[in-house]
Structures are given as structure tokens and as C-alpha cells.
Amino acid sequence: MPKPSLDTIRLRMQRVQHDSQQLNRDIHAFYALKPYDIVHKFNLGYNKPTLPSIDPARGVHVYQILTRHQIPTTIAILVGEVMEGMRSSLDYVAWQLALAVSNTPPPTTAFPIFSTQALYNRDYLRFIGGIDPAIHPVFESVQPYHAGNGAAKHPLWVLHRLANDYKHKAPHVVGSLPQGVGFERPPGVDFGVTMTVGPFED
């Protein structure tokens, strides 16, 4: 009976760490280019249906992000490789645990990740049926479905979903995302905010 080994798991995680470090270097190099400009304009007659409370005849201050440099494709590829590496490292754990039971683990052996309990109960044995049942509760205890309505935001589910997406396409990388807007509004001044989440395209 082969003895489970942590070597392959360590090597996989080391590769993930290497890719993560390269990703951080590439991101810092991209921001060093100062890829975005914020431009202020004062518009008379500005009209946008998403700002119904604004009177365009009084003029509108518009702040716009202009893109000087697009995000390099290499960054998206590295993001995908880091996610795929993290996800496959979990599968390596499951495989090594299965090797403790049999020389030939079931080919479907993998780390199960489910957003609903019904799907987990239906399919978990397909992934960990070759692992000692005494360990099964450990897998069950970390399932995203325990987060209830927040399952879709659970880190394991996000990792699982994005890593699966990466098998078919490069991840969609967004340059930045505002966390908040603060201002002081003089009396009688209208104010409205409209925001589109996505890549910066002027």
C-alpha cells in the first residue's frame, strides 16, 4: 500500500506561490504606467436617464476615468493559473488521502465543493468514495452550502467556479473598483451617482 505523501501537494503550492509572486510583480509594473486618468468636466445640458433627479439646465460636474493602457493579457492568464493551481492543490489532498486506502483510487477522486446540500448529498461519494469514511465529515464541514444565502460568495465556491471558468477562457480582470464616494453638498445642490462595474473603457 503506498504511503500518502505531502511532497506533491507542497510542490503544487510552491508553484502557486511562484505564480502569485510573478502576478504581483506584473500588477505593480502595470500600475507604474499610470494607466488611468481622472478627468473633470462641467456639462451644461448633460442628460442621462440614470440620473433622473438632476436638472441638466443647471449644469453637471462629470468625473470620468480615461484608459491610457489596457490590462495586459498576461495578467489575466496568471490570475487563471493561480486559481487553477489552488483548486488542483485541494484535489491533490483528496488523491493522497485515497492512496492511503487503495493503490488505485477511483479516477473521479477530487475535493468536493458544492453550493447546495442536496447536490453534495447526491454526489459527494463520487469524489471521496475512495477515502476513509472517517475523514468524510472534514470535507462536509467546509462546504460552501453552510453559508446559506451567502454560498455564492464563499471563498471555496468562488475559487471552484473561477477555476472551472479558466478551463475555457481567460478570467475577466477589472482594473479597479471604487469602495465609496464622499462629498460635502452645499444646500440646494442636486447630487446623483451612476456606476457601471466592469473594465475601464472611458
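Throughout, read-outs are computed from the coordinates displayed, never taken from laboratory work. Bear in mind that the values here come from a model prediction, so they are computed numbers and not experimental data.
Of note:
- Length available on full extension from ILE135 to GLN21: 0.36 nm per residue minus the Cα-Cα distance, which gives 37.7 nm.
- Our summary gives segment 78-125 a relative contact order of 29 percent, counting only alpha carbon pairs under 8 angstrom and 6 or more residues apart.
- Compared with the direct C-alpha span, the chain from ASP123 to ALA152 gains 8.6 nm at full extension, assuming 0.36 nm per residue.
- Using 0.36 nm per residue and subtracting the Cα-Cα separation, the extra length available between LEU33 and SER102 on full extension is 19.5 nm.
- Using θ = phi - 60° and Karplus 6.51 cos²θ - 1.76 cosθ + 1.60, couplings along segment 128-135 (whole Hz; Gly, Pro as x): 10, x, x, 9, 3, x, 5, 8
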